[in-house]
Amino acid sequence: MSTDTIRIGIVGAGANTRLRHVPGFRANAGVELVGVVNRSRESSERAAAEFDIPRAYDSWQDLVADDQIDAVMIGTWPNMHCEVTCAALEAGKHVMTEARMARTASEARQMLAASEARPELVTQIVPSPFAFFCTDYVRRLIDDGFLGDLRELVVIGANDQFQDVQAPLHWRQDREISGLNVLAMGILHEAALRWTPDSTRVFAQVETFGPERPDGPATIPDSVQVMTEIEGGARGLYHLSGIALFGPGFHLHLYGSEGTIKVDLGNDTLEIGRAGDDSLHEPEIPADQRGGWRVEDEFIGAIRGSESIRLTDFATGVKYMEFTEAVARSAESGQPVDLPLAD
């Protein structure tokens, strides 16, 4: 398909679709947005008019079945990702789906199996946006031995997003919609996977400090602490919270036998230091190692055969979905849970 026009249909014109995907696809030559479907015919027609998309559909099934569409971009809540992805792949469409990959590890495995059954089709999960600016640079530091032996991983995702218990219930607090993923755990763990080996065991505790909302109870915890074991012997510590008033925000820290790497994910700043240094310092990242958002470019490039999906393929998605489910199982049982996750 290297010279053909790639025709894209959108299922779910949510915030990220509007902010990122529509302009991202339109920036690629030879790509057309030809159809859109939202939660109702009326909202589908509004989205089509807003983005000058020729067709609006009555249902996502109609869009997926349209032979005039080559690729489907899924921008819905996670509760629809598995069903729409599997149907689109069966219909011969390339698929890019918004994160979170799915609600459960079982759904994620179904999506992976459907993609493996159609290896000629490109599949991608919209990747965690954290640390694009330094992903390749940090990877090179680690590969060159900057850390020495990894000893500790610290993952922090703590803010006051859900501090106000009088605020309406957010979809991320509804397990039926969001699944077992908690707060930003999935996208933070996904970012950590770019630099660290896989976790082999998790031990977690959770709490919901603000369960009652004006329009229903929160069924997702708002406070999570996780301890992990990592391949090679390192240990991990995760602090996730949506009720941390003046919380520290989002960070990834890597502590090794020879060096330390600290990334402030909210402010896109990197600090590094090695044994013998007086303090941490901000390195100068070479231009060829400084990354940015190019999700739509990568998807289109993979369809055209000019590149492969680096961020994020379905196999990686299954890894972070298994991690989030292991956390939920551990918190429920009060016992550690081993990874990869047993069925």
Report task. State the number of residues belonging to the stretch 204-223 that are assigned to a strand (DSSP E or B) and either farther than 16 Å from MET321 by Cα or not assigned by TED's automatic domain parsing to the domain that holds GLY148 (or both). Result -> 8
Requested in this report: Could you list, in sequence order, all residues of the stretch 242-292 that are among the β-branched types (Val, Ile, Thr) and more than 30 Å from LEU169 (Cβ to Cβ)?
Outcome: THR260, ILE261, VAL263, THR269, ILE272, ILE285
Requested in this report: Among the residues of the stretch 164-180, count how many are part of a loop (DSSP other than H, G, I, E, B) and closer than 26 Å to PHE323 by Cβ.
Outcome: 5
Query raised in the report: Can you tell me which residues in the stretch 133-146 are within 13 Å of LEU193 (Cα to Cα) and either hydroxyl-bearing (Ser, Thr, Tyr) or not assigned by TED's automatic domain parsing to the domain that holds ASP264 (or both)?
Result: THR135
**Report entry** Complete set of residues in the stretch 310-342 that are among the aliphatic types (A, V, I, L, M) and within 14 Å of the chain's Cα centre (by Cα)
**Finding:** LEU311, ALA315, VAL318, MET321
Requested in this report: Determine the pairs where a residue that is without any contact (Cβ under 8 Å) to a residue 60 or more places away in the chain, located within the stretch 62-83, has a partner that is aliphatic (A, V, I, L, M) and part of a helix (DSSP H, G or I) with Cβ atoms under 8 Å apart, the partner being 6 or more residues away or on another chain.
Outcome: VAL64/VAL84; VAL64/ALA87; VAL64/ALA88; HIS81/MET111; CYS82/ALA108; CYS82/MET111
Query raised in the report: Among ALA71, ALA29, ALA56, which is over 23 Å from SER306 (Cα atoms) and either assigned by TED's automatic domain parsing to the domain that holds GLN173 or of a type in the set (A, V, I, L, M) (or both)?
Result: ALA56
Report summary line: Listed by first then second residue, the pairs whose first member lies in the stretch 281-296 and is touching a residue at least 60 places away in the same chain (Cβ under 8 Å), whose partner is assigned to a loop (DSSP other than H, G, I, E, B) and surrounded by 15 or more Cβ atoms within 10 Å (Cβ to Cβ), with beta carbons under 7 Å and at least 6 positions apart or on separate chains, are TRP293/PRO129; VAL295/VAL126; VAL295/PRO127; GLU296/ASN28
Report summary line: So, first residue farther than 22 Å from ASN159 by Cβ and modelled with pLDDT of 95 or more in the stretch 213-237, second residue surrounded by 20 or more Cβ atoms within 10 Å (Cβ to Cβ) and of a type outside the set (Ser, Thr, Tyr), Cβ within less than 6 Å, six or more apart or across chains; the pairs are ILE230/GLY236; ALA234/LEU150
Query raised in the report: Among the residues of the stretch 28-41, which ones are out of contact with any helix residue (DSSP H, G or I) (no Cβ under 7 Å at 6 or more places or on another chain) and at pLDDT 95 or above?
Result: ALA29, GLY30, GLU32, VAL34
**Report entry** Test set (1) out of contact with any helix residue (DSSP H, G or I) (no Cβ under 6 Å at 6 or more places or on another chain); (2) under 25 Å from ASP268 (Cβ atoms); (3) surrounded by 22 or more Cβ atoms within 10 Å (Cβ to Cβ) - LEU193 fails condition number
**Finding:** (3)
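The values are calculated or read from the model by the stated rules, or taken from the named source; none is laboratory data. Keep in mind the model is a prediction, meaning the values are calculated, not measured. Cβ atoms come from the backbone with ideal geometry, glycine included; neighbour counts cover every protein chain shown.
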